[in-house]
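*Asks:* One structure coming up, written as structure tokens, with questions to follow.
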Amino acid sequence: MHKRINDLSHCVRQFRKFTDKEVDKQQFETRIKACEACSSRSDTRCLQHSRVCADFAKLKEHWCEPWREVSPEGHQLKEWKNKFKGKKIRLGICMPTMSMGGVCRGLLTMMNAPVKHGIEWSGIAINNAGAFDPETAQRILQHCPIYCTKDDSRFQGLVTIVDNACQIVVDGSDVVKLWGYIHSNDEIDAVDWSAKPILIVAHGQCDWTRKNLAVSLSKGSLCILASVSKGGVKCFPDAIQDQVKVVYNGVDFSRCAPAQGRAQIRQEWGIDQNTRAVGYIGRFANDKNPLAAAEAVRELGTGYHAVYVGEGYQQEQIVKGVKKLCGDRVTFIPRVEDIGTMLAALDCMVLASPSEGGPMTVIESWLAECPVVSTPVGMIPDLEAEHGPLTFGIPVDPSPWEVGEGVRRAVIGDERIERARRLTWELFSSTRMVRGYEALLRG
């Protein structure tokens, strides 16, 4: 164990303030007290900074985490935020591609929020045409341009081609959200990220999210941190988790109002009113465990029918697997905007994913009073710990029997359905979401 000298009074006696670059006596005392309790101190020296503690502590420009002072970057961020009091903040986004996933859905939800706010959308930079969705792009273009460095026929003329898309967005923005990269590349390496603050958001709780955050945090020096769930905060490094603010996803409430009647839709699906319709809504990808709903339908037998709404790059494989499980007791529907009609015709919705951030399908189901069978993912554990059961819970990696039991309980229903609806009205509006991000950016 390193020997320590309890020399606070000695340090203070030796300390004299000679220039305006040095701290005052009170701040110096506070710093030295923290140094004496620090594990990096040996005698009078700091092993971390390789300096005598008193000499290091007396300069204003120096900073050390044990002092519990605002970092130099924190001061810079505060100065940046002060510039935008009473002004609009231009927010740009840099991400790999533009598909209709949760991130793009959340972005459109904020863009279309029916409330005045102080965020202006400056542009979106994408890196490639993989999973590019023209319909989503057309909606985005109503609010801001989309840029890419390489052209592709899949863009259908909707994307502006420039030399470095990310740099264009950085130059035209006051703050930039960097999301979706788990590896760096030549384009983002060439960007001057230190020119603007970076908004970094944890949209999940898995290893992919940790890798994504690591790449984003390695760029620039001024970072504004957020997560769509409390669980997502833990994906950030331990030292900065206390700087992360939770901003829940919001949904467009108007999407959840049915445009057609339940009986009409179920007739189109070829099922009667006594059959239980078990839904899966979302991206057709194996990491979402989409076969769970079909496994439950097979487990429960006659009187249950699977309904799959969505699309995705693994669609052919998943459709084949669902048909093998359910036979003719399944209906497939392409992605729709009228999600309220789908939810009104379902008897429950299944989310068996092993990891999520803030699943919007769950929020929309709650609002539509469609019972949710779900694993404990995303913001669900946060909310259930505070408000009581909101879903008909199943474990991660559930067996067909466990999903089937969840479905059986859900179609009977209880008070949690109404509890979830009330909570959704309170916490998950598009207005609350966009104002939450504006408050975060303004500090």
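The values are calculated or read from the model by the stated rules, or taken from the named source; none is laboratory data. Everything quoted here is computed from the prediction, not taken from an experiment. Every residue, glycine among them, receives a Cβ derived from its backbone with ideal geometry; neighbour counts consider all protein chains shown.
*Asks:* Would a scan of segment 204-213 turn up a residue that is touching a strand residue (DSSP E or B) at 6+ places or on another chain (Cβ under 8 Å), among the charged types (D, E, K, R) and not assigned by TED's automatic domain parsing to the domain that holds residue 354?
*Replies:* Checked segment 204-213: no residue is touching a strand residue (DSSP E or B) at 6+ places or on another chain (Cβ under 8 Å), among the charged types (D, E, K, R) and not assigned by TED's automatic domain parsing to the domain that holds residue 354.
*Asks:* Can you find even one residue in segment 349-357 that is surrounded by fewer than 21 Cβ atoms within 10 Å (Cβ to Cβ), free of Cβ contacts under 8 Å to residues at least 40 places away in the same chain and either outside the structural domain of residue 235 (by TED's automatic domain parsing) or out of contact with any Gly (no Cβ under 9 Å at 6 or more places or on another chain) (or both)?
*Replies:* no
*Asks:* Against the condition of a type outside the set (Val, Ile, Thr) and either out of contact with any strand residue (DSSP E or B) (no Cβ under 9 Å at 6 or more places or on another chain) or exposed (fewer than 14 other Cβ atoms within 10 Å of the Cβ) (or both), how does residue 239 come out, does it pass?
*Replies:* yes
*Asks:* Before we move on, is residue 316 acidic (Asp, Glu), under 30 Å from the mean Cα position of the chain (by Cα) and either assigned to a loop (DSSP other than H, G, I, E, B) or within 21 Å of residue 106 (Cα to Cα) (or both)?
*Replies:* Spelling it out, it is not the case that residue 316 is acidic (Asp, Glu), under 30 Å from the mean Cα position of the chain (by Cα) and either assigned to a loop (DSSP other than H, G, I, E, B) or within 21 Å of residue 106 (Cα to Cα) (or both).
*Asks:* Would you please list the contacts, defined by Cβ atoms under 8 Å and residues six or more apart or on different chains, that run from a residue in segment 330-347 that is in a loop (DSSP other than H, G, I, E, B) to a residue that is of a type in the set (Lys, Arg)?
*Replies:* 337/255; 338/255; 347/276
*Asks:* For segment 192-212, which residues satisfy the criterion of being hydrophobic (A, V, I, L, M, F, W, C) and either crowded, with 24+ Cβ neighbours inside 10 Å or not in a helix (DSSP H, G or I) (or both)?
*Replies:* 198, 199, 200, 201, 202, 206
*Asks:* Sort out which residues of segment 224-235 are farther than 14 Å from residue 208 by Cβ, in a loop (DSSP other than H, G, I, E, B) and of a type in the set (A, V, I, L, M, F, W, C), and write them in order of number.
*Replies:* Matches in segment 224-235: 228 only.
*Asks:* Of all residues in segment 168-181, which are assigned to a loop (DSSP other than H, G, I, E, B), more than 17 Å from residue 129 (Cα to Cα) and of a type outside the set (S, T, N, Q)?
*Replies:* 172, 174
*Asks:* Follow-up. Just one of (1) buried (at least 17 other Cβ atoms within 10 Å of the Cβ); (2) in contact with an Asp or Glu (Cβ under 8 Å, 6 or more places away or on another chain) trips up residue 424, so point out which.
*Replies:* (2)
*Asks:* Pull up segment 275-292, narrow it to residues that are modelled with pLDDT of 95 or more and part of a loop (DSSP other than H, G, I, E, B), then point me to the one that is nearest to residue 347 (Cα to Cα).
*Replies:* 275
*Asks:* Applying the selection to segment 303-339, what residues are in contact with an Asp or Glu (Cβ under 8 Å, 6 or more places away or on another chain) and surrounded by fewer than 16 Cβ atoms within 10 Å (Cβ to Cβ)?
*Replies:* Residue satisfying the conditions is 334 alone.
*Asks:* Taking segment 22-63 only, how many residues are in a loop (DSSP other than H, G, I, E, B) and either touching a strand residue (DSSP E or B) at 6+ places or on another chain (Cβ under 8 Å) or among the polar types (S, T, N, Q) (or both)?
*Replies:* Qualifying residue count for the region: 10.
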